[in-house]
Amino acid sequence: MPELPEVEVVRRGLERWVSGRIVADTSVLHPRAVRRHIAGGEDFGARLKGHRIGLAQRRGKYLWLPLADSATAVLAHLGMSGQLLVQPQDATDEKHLRIRVRFEDALGTELRFVDQRTFGGLSLHETSPDGLPDVIAHIARDPLDPLFDDDAFHEALRRRRTTVKRALLDQSLISGVGNIYADEALWRARLHYERPTTGFTRPRTAELLGHVRDVMNAALAVGGTSFDSLYVNVNGESGYFDRSLDAYGREGEPCRRCGTVMRRRPWMNRSSYFCPRCQRPPRAVS
DNA sequence: AACCGCACCTGGACGC
DNA sequence: TGCGTCCAGGTGCGGT
């Protein structure tokens with residue numbers, strides 16, 4: 001479900017409501033939610049207990065909470081339907097509550113990981129000297145990271161024998177982009193999703209990256225994209241960017257630029273939305 | 001080494 | 001009402 005802007009909204013919420021607190025007790029209510037924590041749910045809880053939570057971090061769609069005085073961090077991925085909520089301790093359990101974390105203080109709130117489809121989860125990992133959990137070393141920096149290297153991205157794009165949307169979704173090339181923001185950025189750049197990346201010029205890459213950043217920043221400014229109650233911030237509130245989408249989910253509606261009816265095409269077991277006039281397919285594919 | 005396709009889940013919307 | 005089908009914002013793994 002969530003892409004970079006939605007995950008960043010959650011990170012900010014964790015920083016505000018969770019960072020600095022000391023873990024008391026953790027309960028894992030569904031084993032799949034900790035499947036990346038090989039030692040299991042009991043071990044997961046035991047290792048968190050007594051540790052102070054550091055500043056919440058993010059790379060792409062991954063979030064992590066460093067544990068103070070240890071070279072470890074709680075890594076979180078929301079998958080398609082995961083939520084991290086800060087709830088009053090006495091609030092009724094959500095139907096898909098998977099993990100609960102209570103704290104030593106008297107603030108009266110707890111952290112809950114709620115996840116309908118169980119594609120997401122929490123796990124504890126060693127962190128490298130730069131603070132990155134070891135298991136996400138293969139995840140590229142995201143386009144809002146000041147250290148993202150535009151030139152290296154361009155060179156990598158040209159080396160790949162792939163198409164532009166596949167490249168945008170490849171988290172080892174550029175992280176944080178998912179199906180929604182890929183379609184939005186491609187619409188803004190007037191690029192068809194099957195356009196090969198091999199022939200990309202430097203200006204074309206620069207323009208595409210500019211659109212990726214613009215659309216993500218615009219989404220961030222209004223709290224992210226929510227089609228339903230599945231995506232919410234830590235307080236359970238939805239974002240409003242769904243009202244601003246130009247491509248994603250607009251099959252049958254007029255292109256906001258040229259009025260042509262927008263199309264949807266099955267693509268890699270999901271969908272691609274595009275304007276058939278503004279985003280012409282490459283000749284070889286058509 | 002790259003690249004592709006699929007498995008991993010639950011549930012809502014829709015057609016019959 | 002119920003059943004089948006399709007669809008959903010992601011990732012990692014195995015096979016080629």
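The values are calculated or read from the model by the stated rules, or taken from the named source; none is laboratory data. In this text the structure is predicted, and so the values were computed from the model without any measurement. Positions of Cβ are backbone-derived with ideal geometry, glycine not excepted, and every protein chain shown enters the neighbour counts. Remember, those area values only see protein heavy atoms, side chains included, never the ligands or the DNA or RNA. Shrake-Rupley method; radii C 1.70, N 1.55, O 1.52, S 1.80 Å.
At a glance:
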quantity	calculated
Answer residue from the range A:124-172, given it is in contact with a helix residue (DSSP H, G or I) (Cβ under 8 Å, 6 or more places away or on another chain), among the charged types (D, E, K, R) and not in a helix (DSSP H, G or I) and is farthest from A:Pro266 (Cα to Cα) among those	A:Glu126
Complete set of residues in the range A:98-117 that are in contact (Cβ under 8 Å) with a residue 40 or more places away in the chain and open to solvent by less than 20 Å² (accessible area, probe 1.4 Å)	A:Ile99, A:Val101, A:Phe103, A:Leu111, A:Phe113, A:Asp115
The range A:261-286, residues that are out of contact with any helix residue (DSSP H, G or I) (no Cβ under 7 Å at 6 or more places or on another chain), surrounded by 14 or more Cβ atoms within 10 Å (Cβ to Cβ) and among the polar types (S, T, N, Q)	A:Ser271
Test: A:Gly259 is outside any helix (DSSP H, G or I) and under 17 Å from A:Gly13 (Cβ atoms)	no
Tally, over the range A:3-30, of residues that are farther than 30 Å from A:Ala218 by Cα and out of contact with any helix residue (DSSP H, G or I) (no Cβ under 6 Å at 6 or more places or on another chain)	7
Filter result for A:Gly13 (on the phi > 0 side of the Ramachandran plot, of a type outside the set (A, V, I, L, M) and assigned by TED's automatic domain parsing to the domain that holds A:Leu84)	no
First in the range A:141-167 and open to solvent by 40 Å² or more (accessible area, probe 1.4 Å), second anywhere and hydrophobic (A, V, I, L, M, F, W, C) and not in a loop (DSSP other than H, G, I, E, B), Cβ under 9 Å, 6 or more apart	A:Leu144/A:Leu4; A:Leu144/A:Met216; A:Leu144/A:Leu220; A:Asp150/A:Ala206; A:Asp150/A:Leu209; A:Arg160/A:Ala167
Some residue of the range A:183-195 being surrounded by fewer than 17 Cβ atoms within 10 Å (Cβ to Cβ), outside the structural domain of A:Ile38 (by TED's automatic domain parsing) and of a type in the set (A, V, I, L, M, F, W, C)	no
Residue list for the range A:69-97, restricted to those being in contact with a Ser or Thr (Cβ under 7 Å, 6 or more places away or on another chain) and open to solvent by 30 Å² or more (accessible area, probe 1.4 Å)	A:Ala71, A:Gln87, A:Pro88, A:Gln89
